[in-house]
Each structure stands twice: as C-alpha cells, then as structure tokens.
1. For Pro96, all conditions in the list (1) under 15 Å from the mean Cα position of the chain (by Cα); (2) at pLDDT 95 or above; (3) not in a helix (DSSP H, G or I) hold save one; what is the number of the exception?
2. Which residue pairs have Cβ atoms closer than 8 Å, lie 6 or more positions apart in sequence or on different chains, and pair a first residue in the stretch 195-222 that is outside the structural domain of Leu127 (by TED's automatic domain parsing) and within 14 Å of Arg130 (Cβ to Cβ) with a second residue that is among the small types (Gly, Ala, Ser) and crowded, with 23+ Cβ neighbours inside 10 Å?
3. Restricting to the stretch 121-172, and then to whatever is of a type in the set (S, T, N, Q) and assigned to a loop (DSSP other than H, G, I, E, B), can you tell me which residue is surrounded by the most Cβ atoms within 10 Å (Cβ to Cβ)?
4. Failed condition for Val162, given (1) more than 27 Å from Leu223 (Cα to Cα); (2) among the β-branched types (Val, Ile, Thr); (3) under 17 Å from the mean Cα position of the chain (by Cα), with all others met?
5. Which one of Leu127, Leu71, Leu132 is touching a residue at least 60 places away in the same chain (Cβ under 8 Å) and not hydroxyl-bearing (Ser, Thr, Tyr)?
Amino acid sequence: MIAAQVATVLTLGLSLGVSLGLPLGPSPGPLAGSPTGTTGERPDRDRIVSAEQPGTCHDPGVSCGHLRVPLDRRDASAGTVRLHYELYPRSDRSRPLLGTIVAVEGGPGYSTTGSRTYYRDLFEPLLDRRRLLLVDNRGTGRSEPIDCPQLQAYRGNYITAVARCGRQLGSASDLYGTAFAARDLVAVLDRLGIERVDLYGDSYGTFFSQAFAVRFPERLRTLILDAAYFVGGADPWYSDTNRALRHAFEAACRRSPPCARRAGRPCAGSPGLPPCCAATLCMDAPRTPTGWCAG
C-alpha cells in the first residue's frame with residue numbers, strides 16, 4: 001500500500017491550523033443525484049469500464065465501485081487507471097436527500113477510503129439526510145496504488161529513493177498530480193449522477209479541494225478546508241503559516257473561559273511547548289512572566 005511520502009514526490013501538500021467554510025454560489029436547494037432530484041445517470045465521457053458492487057463494502061447498503069479512466073487524457077496511449085470509490089447512503093429515507101459530502105484525505109498519499117471510520121464519525125450528525133462519497137485518488141489506497149518500497153520505508157538516501165521511484169514509474173511519473181486527481185473526481189461524480197457536492201479536505205486534502213474549486217466551481221455547493229495549505233504564493237519561511245497559527249490559538253483561547261481570563265495573549269497552547277514554538281507563535285512579541293504574549 002502506498003505511503004504518504006510516495007505521493008509527496010508527485011504533488012504537494014502540507015498543513016496548518018486553519019478551518020474555513022466557503023459557500024460557492026447560491027444554494028440550489030436539496031442536492032439530489034441529478035438535476036431533477038432523481039438518481040439518473042449523467043453521461044460520462046471518461047468512462048471506459050465501470051462497475052458498481054452493492055453490498056461488497058464494509059457495511060450492508062454501501063455501494064462500492066470502480067471507474068476506469070485515462071491515465072493521461074491528452075494521450076490515449078498512456079493507458080488507464082482504475083479509481084475506487086465508496087458511496088454511503090443517508091440513514092433517513094423518509095425525507096428528501098439534502099446532498100452528498102465528499103471527503104478527501106491528506107498526506108498527500110493517504111487512502112481516503114482507509115479513513116472511512118473517521119469520516120463517518122466526523123459527519124455522523126449530517127448523514128441522516130446526506131450521502132458520503134469517498135474516492136481514493138489515483139495511485140493511493142485501492143486506486144492502483146503506487147508501490148515504491150524503499151521510499152515508503154524511509155530506507156537509505158531519500159533523494160536516491162525518489163529517483164528510483166520516478167524511474168520505476170517511467171513516463172507515468174508526472175500523471176499522478178492534483179490536477180489529474182481533480183478531473184478524476186469529476187468523472188466519478190458523473191458516473192454516479194451527482195451534480196454538486198459539499199467538498200471537505202484536510203491537510204493535503206485542502207490543497208486538492210482548492211484546486212478542484214478553481215477548476216470545477218460548478219460542481220460545488222460548499223467548500224470546507226480543515227488545516228488548510230496554500231495553493232500558491234506561499235512564503236518559503238512560512239510567515240503566513242505562523243500568523244495563522246497564532247490567530248488560531250488566540251481564537252481558541254477566546255472561546256475557553258479559563259484561557260480567556262488569563263492576562264495577555266496565549267503564546268502557546270501549553271507551557272510545556274519548546275521555547276522555539278512559543279517564539280514562533282508569539283512572533284517575538286514581549287511576554288508576560290507566565291509565558292503569554294504581552295502585546
């Protein structure tokens with residue numbers, strides 16, 4: 001199974017402590033499987049071979065399936081890649097379907113379907129009237145995972161291992177990036193007849209989700225970024241990240257009565273954090289005797 005560091009060679013993703021929820025355009029009302037509110041299938045120009053396997057997932061009623069798409073949509077000779085997805089139904093069928101949540105894992109390289117338990121717990125309050133769709137990005141999880149043993153095991157020189165993995169993939173080494181995976185998700189949505197989704201990403205998943213939003217805004221109802229990472233224009237010294245971390249700590253402190261009663265700003269979430277972390281969060285601001293930012 002592919003480890004997170006393999007896909008790091010293929011695309012980019014880091015994390016920082018920020019969460020955002022961005023509505024995209026006017027709400028269309030209940031989000032059903034198609035524009036008419038049915039589960040009718042939309043044409044999928046990418047579909048080559050597809051199959052749904054109801055009941056073969058981890059729970060009864062869950063639809064597992066796969067969709068085979070071009071590895072490179074610009075070059076048919078590059079072959080295909082098989083994408084794996086899992087669609088979890090809503091629990092309350094007595095009322096109209098409100099939409100479909102799509103969750104994307106981090107890493108990059110972690111299997112989204114491998115985190116199914118976490119996502120089902122996270123979204124459990126919403127899943128009475130919403131479906132949950134999990135798709136393993138190409139090269140991860142059950143979507144024909146890349147297997148570069150030396151790189152995955154952190155054995156030997158990292159740069160050498162990256163080069164070896166690149167040689168192993170050959171001309172396909174540039175075909176596992178975020179843009180390709182974003183287009184793959186569109187193909188899965190088309191296959192399932194889903195028009196617009198509530199897209200959730202954490203860590204690298206936020207990088208993916210932002211890239212998807214830029215390319216396919218018409219397929220989104222809402223966008224949720226958890227531990228967001230910059231898509232472009234990031235400061236190599238991560239000063240923006242440090243400011244965001246500081247603001248996140250301060251927001252959390254304001255919501256906690258014991259923390260809010262303390263003088264100054266929280267320089268760190270815990271007095272036990274290393275001095276370098278405290279200095280980073282305080283941005284070298286003066287501190288109170290208890291280690292909190294005084295400014």
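1. The number of the failed condition is (1).
2. Pairs found: none.
3. Top of the filtered list is Asn137.
4. The failed condition is (3).
5. Values: Leu127 fails: touching a residue at least 60 places away in the same chain (Cβ under 8 Å); Leu132 fails: touching a residue at least 60 places away in the same chain (Cβ under 8 Å).
Being touching a residue at least 60 places away in the same chain (Cβ under 8 Å) and not hydroxyl-bearing (Ser, Thr, Tyr) holds for just one of Leu127, Leu71, Leu132, which is Leu71.
The values are calculated or read from the model by the stated rules, or taken from the named source; none is laboratory data. Bear in mind the structure is a predicted one, so any value in this text is a computation, not a measurement. A quick note on method: Cβ atoms are made from the backbone with ideal geometry, for glycine too, and the neighbour counts reach across all protein chains shown.
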